[in-house]
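Below is one structure, written out as structure tokens; comments come after it.
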Amino acid sequence: MNKARHIAIIMDGNGRWAEQREKKRVKGHEAGAKVVREITEYCSRDKDIERLTLYAFSTENWKRPRLEVEFLMKLLQKYLESELDNYIQNNIRFEPIGDIRAFSKSLQTTLKNVKEKTAHCDGLVQSLALNYGAHDEILRAVNKIKNCQNDITEAMLGNALDCKHSVDLLIRTGGDHRLSNFLLWQAAYAELFFSDTLWPDFTTNELGKIIKDFTKIERRFGGLK
Ligand code: FPP
């Protein structure tokens, strides 16, 4: 039986969730943040799951209206500050991925602080992908190792990435069927699941069902049965 050791989620549908309720889009992000907490705690209780990587802000999301971007930044900061105790209580290690140098000094400090204060936790690793794009991640990795004397190997490039762990199960909520520049290297052999549920409506129950279906898939990694 497969184990979903590393689960990655593209949390899509916040805006539509809010619009359906005639609310501002940012209300959808607020509701989405609560689901981040629930799903993370659920994963931390499942001993088979080692990593949960969540796409929270892409390198392309800067194109959104300024007020929405500012709201997301504040929400993130508030979320991390209020979650710190919860991370520690649930033995969750926080490891952001992406190029966080683009964020305000204050958000960078919060990110580093939560990372440091949870570094001793040895349960679930929750990675938030922030100012993350797979193309950007791969380019930064290549630039880190380009001056080495020998040919670049798969292992060298893999180790220079922000996220060094292959994904077992990749889920996208919100009805679209695309990867949107998320973990393109790490998801080479991931099983892909697409849900029509908008992220704020996504439940631990639905995640549990997806994991159950995942465990039954025969994964061959390019080989034969
Ligand atoms: C996609 O929905 C979602 C995002 C771009 C941001 C994800 C943010 C959250 C889940 C909440 C904040 C997270 C944390 C960790 C505090 P969309 O806005 O593209 O939705 P749409 O496709 O319906 O417009």
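Bear in mind that the values in this text are calculations on the coordinates, not laboratory data. Note that the coordinates shown come from a computational prediction; the quantities given were computed from them, not determined experimentally. Cβ: placed from backbone, ideal geometry, glycine included. Neighbour counts: every protein chain shown.
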### Message
With the requirement that a residue be of a type in the set (Ser, Thr, Tyr) and over 23 Å from LEU184 (Cα atoms), what does segment 98-131 give you?
### Response
SER104, SER106, THR109, THR110, THR118
## Note on the structure
Filtering segment 167-225 down to residues that are touching a residue at least 60 places away in the same chain (Cβ under 8 Å), of a type in the set (Ser, Thr, Tyr) and in contact with a strand residue (DSSP E or B) (Cβ under 9 Å, 6 or more places away or on another chain) yields THR173, SER180
#### Entry: Residue, surrounded by the most Cβ atoms within 10 Å (Cβ to Cβ), within segment 47-91, restricted to residues that are among the basic types (Lys, Arg) and within 25 Å of ASP168 (Cβ to Cβ)
ARG51
### Task
Please indicate, with yes or no, whether at least one residue in segment 139-160 is touching a residue at least 12 places away in the same chain (Cβ under 8 Å), in a loop (DSSP other than H, G, I, E, B) and not small (Gly, Ala, Ser).
no
### Summary
Note on LEU128: of the conditions (1) assigned to a loop (DSSP other than H, G, I, E, B); (2) within 29 Å of LYS63 (Cβ to Cβ), unmet is (1)
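Here is a check on your reading of the model: is GLU154 charged (D, E, K, R), surrounded by 15 or more Cβ atoms within 10 Å (Cβ to Cβ) and within 22 Å of PHE182 (Cβ to Cβ)?
no
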### Task
Can you work out which of the residues in segment 17-62 that are of a type in the set (Gly, Ala, Ser) and in contact with a helix residue (DSSP H, G or I) (Cβ under 6 Å, 6 or more places away or on another chain) is nearest to GLN89 (Cα to Cα)?
ALA33
### Message
Take the residues in segment 126-162 that are of a type in the set (S, T, N, Q) and within 29 Å of VAL35 (Cβ to Cβ); name whichever of them is nearest to the ligand (Cβ to nearest atom).
### Response
GLN126
### Task
Any residue in segment 41-59 that's closer than 16 Å to ASP99 by Cβ: show its pairings with residues that are within 13 Å of the ligand (Cβ to nearest atom) and not in a strand (DSSP E or B) at Cβ separation under 7 Å, as long as the two are six or more apart or on different chains.
TYR55/MET11; TYR55/PHE182; ALA56/LEU76; PHE57/LEU72; SER58/GLY133; SER58/SER180; SER58/ASN181; THR59/GLY133
### Message
Looking at GLU218, GLU206, can you tell me which residue is outside any loop (DSSP other than H, G, I, E, B) and of a type in the set (Asp, Glu)?
### Response
GLU206
